[in-house]
Every structure is written in C-alpha cells, then in structure tokens.
Amino acid sequence: MDTVIDNKAEAEFELTVGGKRAVAAYQMEGGTIVFTHTIVPKALEGRGVGSKLIRAALDSA
C-alpha cells in the first residue's frame, strides 16, 4: 500500500491506491488539527485503506 501524504495546500491527508484517492480533510484551529471528514472510495472499502489513512493522520497530529 502506498504512503499517506499530508497535502497542506489542500488541508488533506491523502492515500492513493490503484489510482483511487482516499482523503481525511482537516482544518487548523490554532495548534489543533480538527478533522472535518474522510472519504474512502467504495472500490477501496474493506482493504484497510481508511484505517491506514487515519492512523497516519493521527500519528502526524
């Protein structure tokens, strides 16, 4: 599985698998990261993509 990227310009953590992109969007409120939503394409469901994405985002926080 690919690496999770913190795309600061878009305020999203991203994970691309097989050409499909999963994201965990966030906004910064002072020194706090507030996660606003996640999207995992249906084609990637059940493969641990969302778990890997959120684990990396939380580790970064």
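We did not get these values from a lab; they are worked out from the coordinates using the rules stated. This structure is a prediction, so every number in the text was calculated from the model and none was measured.
Convex hull volume of the C-alpha atoms in the chain, normalised per residue: 74 Å³.
Angle, helix 49-60 long axis vs. longest principal axis of the chain, Cα atoms, 0 to 90°, nearest 10? Helix 49-60 sits roughly 30 degrees off the main axis of the chain. Only helices enter the 222 nm calculation for the chain: every DSSP H run of n ≥ 4 contributes -39,500 (n - 2.57), and dividing by all residues gives -6000 deg cm²/dmol, rounded to 500. Full extension of the chain between D2 and E45 gives 13.9 nm of extra length, using 0.36 nm per residue less the Cα-Cα distance.
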